[in-house]
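A.B. asks: My questions all concern the structure below.
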Amino acid sequence: MKIGAVLPHNEIGTDSGALKAYVQGVESLGTDHLLAYDHVLGADARRPGGFNGPYDKDIQFHEPFTTFAFFAGLTTTLRFTTAVLILPQRQTALVAKQAAQLAILSDNRFSMGIGTGWNQVEYEALNEDFTNRGKRQAEQVKLMRRLWTEETLDYQGNFHRVPRAGINPRPSLTIPILFGGTAPIVLKRCARLGDGWVPIMGPTPTAAKAIEVIKIHRRELGLSWEGFSIQAQAQYSGGNPDRWAGHADKWRVLGATHLAVATHNAGKTDVDGHLRRIEEYLSAVDQ
């Protein structure tokens, strides 16, 4: 199981020097990968009708593609993963183009975790339909893979039309796509179309059941489990070396291939503080 970190999106700030120091520090610690969360817009709680959600306009999120492109130029081994990019609120061909460029700039160190999201405010602001997001996500994945591998295509789907066109440059390897979510239809979609799963939960019986469901679906479809990744997460906050190690061991037993520690929401600190937290965590679990 490879150990990574989660970008402390709401605490890292906007100073480019601090961001540079952070990502180079993460790599120098021997960390395998870095996750970034994704939200384009935060709603104002004072909007008509109010707003009830886990974050609002006052919570900072760095845009994943541009941030990872910046980080790719500052590192050589660290991998980058979105966890998760809200794909259906974006234009598919544009995402394919952005992801291809990031894969090129990072020497194929990018994996794309995707989800359908929950925030209708973002969908409305981005002029996309919230109600059919799951069905569109499935078609988006199929279309992106073709855009990454074919010079041109004449494509007509239920939601997309590509009139004999293509993106250039294209990545030298197809980009791994991981699905986030636990609904039965999402797990089935993940098994059928995904290269991995992003559980947004701990190593619980629910997680174990979800992994087994994905395995069953893949067996039924004649798809191999080899190479399928499970990108789990851990929290620094409230933990100690024994708890971190025990939590990681539970994920190992369930078959997680990657585990990233989130160091934010554990008390105010700076870049050095976040790096020290990662180092503590690595010392406890990277055995």
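A.B. asks: Mean-square fluctuation check for the chain, GNM, Cα pairs under 10 Å: which of 54, 199, 176 is largest?
C.D. replies: Judging by the Gaussian network model, the answer is 54.
A.B. asks: Here is a further query. Which aspartates and glutamates have a Cα lying under 20 Å from the Cα of residue 57, excluding residues fewer than 8 positions away in the same chain?
C.D. replies: 11, 15, 38, 44, 122, 124, 128
A.B. asks: Would you calculate a helix-derived [θ] at 222 nm for the chain, using -39,500 (n - 2.57) for each DSSP H run of n ≥ 4 and dividing by the full residue count, to the nearest 500?
C.D. replies: Values: 9 runs with 114 residues, N = 287.
Result for the chain: -12500 deg cm²/dmol, rounded to the nearest 500.
A.B. asks: Rounded to whole Hz and in sequence order, give me ³J(HN,Hα) for the range 63-75 from the Karplus expression 6.51 cos²θ - 1.76 cosθ + 1.60, θ = phi - 60°, writing x for Gly and Pro.
C.D. replies: 5, x, 5, 5, 5, 5, 5, 4, 5, 4, x, 9, 9
A.B. asks: Please return the longest stretch of the chain lacking exposed loop sites, where trypsin sites (Lys or Arg not before Pro) count only if DSSP places them in a loop and at most 10 other Cβ atoms lie within 10 Å. Don't jump to the answer; show the numbers that get you there.
C.D. replies: Values: sites that count: 46, 268.
The segment 47-267 is the longest one with no such site.
A.B. asks: What is the extension gain from residue 47 to residue 126, computed as 0.36 nm multiplied by their sequence separation minus the C-alpha to C-alpha distance, in nm to one decimal?
C.D. replies: Details: separation 79, 0.36 × 79 = 28.44 nm, distance 1.72 nm.
Extra length from residue 47 to residue 126 when fully extended: 26.7 nm.
A.B. asks: Between residue 14 and residue 237, what length in nm is gained on full extension when 0.36 nm per residue of separation is reduced by their alpha carbon distance?
C.D. replies: Working: separation 223, 0.36 × 223 = 80.28 nm, distance 2.27 nm.
Stretched out fully, the residue 14 to residue 237 stretch lengthens by 78.0 nm.
A.B. asks: Rg and Dmax in Å for the chain, alpha carbons only: what are they?
C.D. replies: In order Rg, Dmax, the Cα atoms of the chain give 18.8, 57 Å.
A.B. asks: How large is the Rg to Rh ratio of the range 241-287 when both quantities use alpha carbon positions and Rh follows Kirkwood? Before the final figure, lay out the partial values.
C.D. replies: Values: Rg = 11.6 Å, Rh = 11.4 Å.
Across the range 241-287, the Cα-based Rg/Rh ratio is 1.01.
A.B. asks: If you don't mind, another one. If each of residue 164 and residue 76 carries a label point 7 Å out from its Cα toward its Cβ, how far apart are those two points in nm?
C.D. replies: Placing both labels 7 Å along Cα→Cβ, they lie 4.6 nm apart.
A.B. asks: Gaussian network model of the chain, Cα springs within a sub-10 Å range: biggest mean-square fluctuation belongs to which of 42, 267, 181?
C.D. replies: Ranking 42, 267, 181 by mean-square fluctuation puts 267 first.
A.B. asks: For an R0 of 45 angstrom, estimate the FRET efficiency from the Cβ-Cβ distance between residue 60 and residue 188 and round to the nearest 0.05.
C.D. replies: Working: r = 34 Å, r/R0 = 0.77.
The formula returns an efficiency of 0.85 here.
A.B. asks: One-quarter of the Cα convex hull surface for the range 1-147, in nm²? Write out the running numbers ahead of the final one.
C.D. replies: Numbers: hull surface 38.5 nm².
Across all orientations, the range 1-147 yields a mean hull projection of 9.6 nm².
A.B. asks: Taking the chain as a Gaussian network, where each spring joins two C-alpha atoms under 10 Å apart, which residue of 53, 202, 13 fluctuates the most?
C.D. replies: 53
A.B. asks: Residue farthest toward the positive end of the dipole of the range 190-238, with Cβ of Lys/Arg at +1 and Asp/Glu at -1: which of 228, 208, 197?
C.D. replies: Result: 208, furthest along the dipole toward the positive end.
None of the figures in this text is laboratory data; all of them are computed from the coordinates on show. In this text, all values refer to a predicted model and were calculated from it rather than measured experimentally. Methodologically, a virtual Cβ is constructed for each residue, glycine included, from the backbone with ideal geometry; neighbour enumeration extends over all protein chains shown.
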